[in-house]
């Protein structure tokens with residue numbers, strides 16, 4: 001997606017914690033004129049369907065929040081991101097896109 005930067009996802013809770021199905025993420029987007037927009041939030045894994053999750057996103061520089069539905073590909077290499085315009089403060093401004101795992105050398 002244009003302007004999207006890398007997203008880092010991490011697990012902050014132990015597997016035996018009540019919140020073990022909740023991941024934390026941080027990301028930065030680049031806007032027009034080189035402006036950087038930082039955002040973060042949580043990814044909540046579906047306890048009944050292991051390849052589904054919901055992402056709750058909030059931008060640090062505004063009151064913009066959004067929710068997205070995530071679907072993991074069969075080979076675990078791609079996460080498909082489907083925006084929920086009815087659960088976004090800006091409405092239908094995001095398009096469906098995908099995350100691909102970056103391999104570090």
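Here the range 26-62 is the region considered, the condition is being touching a strand residue (DSSP E or B) at 6+ places or on another chain (Cβ under 7 Å) and not in a strand (DSSP E or B), and the residue that is nearest to residue 81 (Cα to Cα) is 51.
Among the residues of the range 58-74, the one identified as out of contact with any helix residue (DSSP H, G or I) (no Cβ under 9 Å at 6 or more places or on another chain), surrounded by 16 or more Cβ atoms within 10 Å (Cβ to Cβ) and touching a residue at least 24 places away in the same chain (Cβ under 8 Å) is 70.
The set of residues in the range 27-36 being modelled with pLDDT of 85 or more and surrounded by 15 or more Cβ atoms within 10 Å (Cβ to Cβ) consists of 27, 28. Checked against the criteria, residue 88 counts as surrounded by 14 or more Cβ atoms within 10 Å (Cβ to Cβ) and over 21 Å from residue 8 (Cβ atoms).
Here residue 54 passes the criteria (1) in contact (Cβ under 8 Å) with a residue 12 or more places away in the chain; (2) under 25 Å from residue 36 (Cβ atoms) except the one numbered (2).
The values are calculated or read from the model by the stated rules, or taken from the named source; none is laboratory data. Bear in mind the structure is a predicted one, so any value in this text is a computation, not a measurement. A quick note on method: Cβ atoms are made from the backbone with ideal geometry, for glycine too, and the neighbour counts reach across all protein chains shown.
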